[in-house]
Amino acid sequence: MKAIILAAGMGNRLLHLTSNTPKCKIKVYGKPIIEHQLDVLRSLGITDISIVKGFLSEQIDYPGTKSYYNEDYRHNGTLSSFFYADNELNDDVIVTYGDIIFEKDIIEELIYDKSHISMLVGEDWEKAYLIRKDSPLEEVEKVIFDNGKVKKIGKHLASEEANGEFTGIAKFTKKGTAILKEVYYDALNRNTNAPFQNASSIKTAHLTDIFQELIYRGYDVTAVHVKGGWIEIDTLGDLKRAGGEISAPKITPEARRVLLKDALAKKGFVRIIEAHSGISAIIANNAIAGPDKKSFDGIWISSLTESASKGQHDIEVMGVDSRLATASQILEVSNKPVIMDGDTGGDPNAFEYIVRRAESLGISAVIVEDKVYPKRNSLDDESNQILENPHVFAKKIKRGKNALLTEDTMVIARIESLIAGTGLEDALERAKLYLQAGADGIMIHSKSKSPDEIISFARKYKELISELGINKPLVCVPTTYNSIRESELQREGFNIVIHANHLLRASIKSMQKVCEIILQNERSLEADQHCSNVNEIFDIVGFSDIKNKEKMWRNQ
Ligand code: SPV
Ligand code: MG
């Protein structure tokens, strides 16, 4: 008996957990799903195991298994994935999705069944979906079976008609694989673009579609029904119930520190979002959008939002230890690179202390601005923005760099010439001095409504770095000129874009709205639609992780 594990998919419904990790590597009770599968299969004496990989295939590496690579995993379905391993379809074979945790006895039941084509069908599936609230019934691969034979299968079936759910685990005998291959290649050769059973084409079809096709062509497909013994992990809710951790995996300071430089080297461009507290950091870290899984590459610890979240002004009034305490909270709950707003850094001794502490915490960059301590927020129109002497500031950069123990943490010089009104030439002269002093990057700030002035700077910056032979990243903070898209900023030569204050601003608006609604209604019911419910808070902070860990340790 052989086994084939289909582990090519992107696992989009597991959100942030699968942005850098393939679904089959998500841990349940401390062990990746696929390792649970390998352990069960091997305990049954099945050692000829193939894994079809796709998304983040390089992370799926198990000695003693065979690998197949589905390079079109973004577009094709589980059926195509299965056939990447068609070399293996020459013996009795068990096929399973890579996101199922199963117990040994249900696989034994499947092995004991002697029919040529059989699948494990779960009973009581509707009850299960009462608990699986985040899995809609339309997503269930429903089965109608009669006298042990599958009649119909697919997500499209009405739940009232169905009497089982496909577990994602099936078996073909040697003869069964011959039938399977014949039917598959026949359908493929007819017309690859025509709808195939319930799929738009054979390319996007799932295992359920080939089973339906086999039934349609008169072959028997046996339903081996099981009560429990398996769990499919599709959503964060499934993962919670299965005993998996839904919080972002932890990272050491050493491993995290280098992530910003790595991302810049790999992608050339990163987008960063602000956080000012533990919960805002979790939201920033785990945010994900769209089918191409857009996410933020890192977190900005803003002086404006951190001081405002504590009800204070952005005038360097928060002590260094308070800033580092906030940084620690943010680092504890996230695993992406963090850039710290270092304000002016205070006097050079204070700045040395800040960068060293930042480095030891695992912060990837400190941005320090060339104004005189105590600075005023750059976006305030009325404040007197006093620039530091550029030579004095260049020395501060040098001292900051010297204080670091590694090459990992970057010291980025922030130029405030456009904020203070001293113009582009001044900004460029400063950039030259700061780069020569060893700055790992330059941030050009502006409070103009138009991006024109930072674009002019970026064009000159390109010339400057080629003249100096120093290629260092360029940073901008498009708060006031936010009609420009990231892609355009990237084209103009920016490497880091920081959305510097949006999570705090969003929460202020919501908080004000909710206060107003409660006051108007003299109760909170009407405000519910503007509030996350308490269970969402539990989920955001990963309360289920604690409960699962307690369960796991109780059984140790
Ligand atoms: C911050 O976010 O604290 C910044 C950017 O330094 S700004 O508020 O625009 O000065
Ligand atoms: Mg600031």
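Things worth noting here:
- Boolean, Gly298 is more than 14 Å from ligand 2 (Cβ to nearest atom), open to solvent by less than 20 Å² (accessible area, probe 1.4 Å) and touching a Pro at 6+ places or on another chain (Cβ under 6 Å): yes
- Residue pairs whose Cβ atoms lie under 7 Å apart, sitting 6 or more positions apart in sequence or on different chains, and linking a residue in region 330-349 that is more than 14 Å from ligand 1 (Cβ to nearest atom) and open to solvent by 40 Å² or more (accessible area, probe 1.4 Å) to a partner that is among the β-branched types (Val, Ile, Thr) and not in a loop (DSSP other than H, G, I, E, B), are Val333/Ile282.
- Of the criteria (1) within 11 Å of ligand 2 (Cβ to nearest atom); (2) outside any helix (DSSP H, G or I), which one Gly311 fails: (1)
- In the set (1) open to solvent by 30 Å² or more (accessible area, probe 1.4 Å); (2) without any contact (Cβ under 8 Å) to a residue 60 or more places away in the chain; (3) more than 18 Å from the chain's Cα centre (by Cα), Leu44 fails one condition alone, (2).
- Verdict on Glu407 being free of Cβ contacts under 8 Å to residues at least 24 places away in the same chain, surrounded by fewer than 19 Cβ atoms within 10 Å (Cβ to Cβ) and either part of a loop (DSSP other than H, G, I, E, B) or touching a strand residue (DSSP E or B) at 6+ places or on another chain (Cβ under 9 Å) (or both): yes
- Residues being assigned to a helix (DSSP H, G or I), in contact with a Leu (Cβ under 7 Å, 6 or more places away or on another chain), away from ligand 1 (no atom under 15 Å from the Cβ) and not polar (S, T, N, Q) are entirely absent from region 240-252.
- Considering residues of region 148-191 that are out of contact with any strand residue (DSSP E or B) (no Cβ under 9 Å at 6 or more places or on another chain) and part of a loop (DSSP other than H, G, I, E, B) only, the residue most open to solvent (accessible area, probe 1.4 Å): Glu160
- Any hit, region 269-288, residues being outside any helix (DSSP H, G or I), free of Cβ contacts under 8 Å to residues at least 60 places away in the same chain, open to solvent by 50 Å² or more (accessible area, probe 1.4 Å) and among the polar types (S, T, N, Q): no
Results for (1) within 16 Å of ligand 2 (Cβ to nearest atom); (2) closer than 21 Å to Gly298 by Cβ; (3) among the small types (Gly, Ala, Ser); (4) surrounded by fewer than 15 Cβ atoms within 10 Å (Cβ to Cβ), shown as yes or no for each residue.
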| residue | (1), (2), (3), (4) |
| --- | --- |
| Val368 | yes, yes, no, no |
| His391 | no, no, no, yes |
| Tyr434 | no, no, no, no |
| Asp440 | no, yes, no, no |
| Glu463 | no, no, no, yes |
| Lys472 | no, yes, no, no |
| Val475 | yes, yes, no, no |
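- Failed condition for Pro291, given (1) within 16 Å of ligand 2 (Cβ to nearest atom); (2) part of a loop (DSSP other than H, G, I, E, B); (3) open to solvent by 50 Å² or more (accessible area, probe 1.4 Å): (1)
The values are calculated or read from the model by the stated rules, or taken from the named source; none is laboratory data. Model, not experiment: these values are computed from the prediction. Every residue, glycine as well, gets a Cβ built from its backbone with ideal geometry; the counts of neighbours run over all protein chains shown. Keep in mind that these areas ignore ligands, DNA and RNA; they rest on the heavy atoms of the full protein, side chains included. Shrake-Rupley method; radii C 1.70, N 1.55, O 1.52, S 1.80 Å.
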